[in-house]
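Visitor: One structure, pasted below without further comment.
The values are calculated or read from the model by the stated rules, or taken from the named source; none is laboratory data. Just so you know, these numbers come straight off a predicted model, no measurement behind them. Here the Cβ is made from the backbone with ideal geometry for all residues, glycine too, and neighbour counts use every protein chain on show.
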């Protein structure tokens, strides 16, 4: 489009220089102008499509969308007028060129406004998939977040984010024959939905942890005492069936801190990184890195806790695997 605007500008100069020569053939210039008008119409169509799919839930967003649409509709009228003018016997090339450049500038501005509006609407969630889809919203994707998922015997589930209960729902009434506990990807006949980001301090318990336990741990992990930062190391107790600090320096062994528990295995593309929530953390590349914790977990009661940090939504962070997939996603909507 920049190239086309340059051509139109040059046409203005050429037209000014040759306007006194009645024998000049302007058919090529008119053809270029018609192509430019077609380009304007394509831009308008793209804008209208984007406007139609933009979320209108917020009042101020609705006002902004309507304002942009009104301006686009005005441009559509002007494009129709240009099309009519270009099909007449007498064409003012200089005037039409100026109008096309002006309309393209207006469309560029409206497109930029819509892009800013769309970006401001992006929301991030931790989501659990039990045939239905339940999700808890995040505010800041640049920070570590503490996630706690509670599985009650009556099929009730709760999702806590940073110590605050965000979601309370009932999972589907189907049999969940748990056998595996995967990290960084979803498994159903094959691995998919690879997660890009870090995990740290993962704990699995065969009880439903209390809200007080969850909040006390989060406050301790985020607070300070006498100016000394408290770290987020998870604690081992009698109800813990899996605890992974991810403090290894390298390798493919996933060390379970529970006494006599088997260690897990990582693909070689997983990396241990410095700067976790507590000590090191485990990083997944979003392409092929994943882990198998090598434990069997009950359907309920159950609590899964972990820290994660990522700005790339779309992957499965943790998957308690059963007859039906129970992916714990990081998603954007």
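Visitor: Working only within segment 264-296, note down all residues that are more than 23 Å from residue 190 (Cβ to Cβ) and either surrounded by fewer than 15 Cβ atoms within 10 Å (Cβ to Cβ) or in contact with a helix residue (DSSP H, G or I) (Cβ under 6 Å, 6 or more places away or on another chain) (or both).
Guide: Hits for segment 264-296 are 273, 274, 275.
Visitor: List the number of the failed condition for residue 231; all other conditions in (1) crowded, with 16+ Cβ neighbours inside 10 Å; (2) in contact with a helix residue (DSSP H, G or I) (Cβ under 8 Å, 6 or more places away or on another chain) hold.
Guide: Evaluating residue 231 over (1) crowded, with 16+ Cβ neighbours inside 10 Å; (2) in contact with a helix residue (DSSP H, G or I) (Cβ under 8 Å, 6 or more places away or on another chain) leaves (1) as the failure.
Visitor: How about segment 250-269: which of its residues are touching a residue at least 24 places away in the same chain (Cβ under 8 Å) and out of contact with any strand residue (DSSP E or B) (no Cβ under 6 Å at 6 or more places or on another chain)? Before you say what the answer is, go through the steps one by one.
Guide: Residues of segment 250-269 touching a residue at least 24 places away in the same chain (Cβ under 8 Å): 254, 256, 261-267.
Hits for segment 250-269 are 261, 262, 267.
Visitor: Inspect segment 217-224 for any residue being modelled with pLDDT of 95 or more and assigned by TED's automatic domain parsing to the domain that holds residue 294 and give the result as yes or no. So that I can check it myself, show each step before the final result.
Guide: As a first pass, look at segment 217-224 and keep what is modelled with pLDDT of 95 or more: none.
No - not one qualifying residue is present in segment 217-224.
Visitor: Condition test on residue 138, is it closer than 28 Å to residue 279 by Cβ and modelled with pLDDT under 90? Before you say what the answer is, go through the steps one by one.
Guide: Details: closer than 28 Å to residue 279 by Cβ: yes; modelled with pLDDT under 90: yes.
Yes: the conditions hold for residue 138.
Visitor: Here's something else I'd like to know. Just checking, does segment 18-28 include any residue being part of a helix (DSSP H, G or I), at pLDDT 55 or above, under 21 Å from residue 103 (Cα atoms) and in the same structural domain as residue 103 (by TED's automatic domain parsing)?
Guide: no
Visitor: Show the residue pairs meeting these rules: Cβ distance below 6 Å; 6+ apart or different chains; first residue within segment 139-155 and over 22 Å from residue 216 (Cβ atoms); second residue in a loop (DSSP other than H, G, I, E, B) and modelled with pLDDT of 90 or more.
Guide: Qualifying pairs under 6 Å: 153/301.
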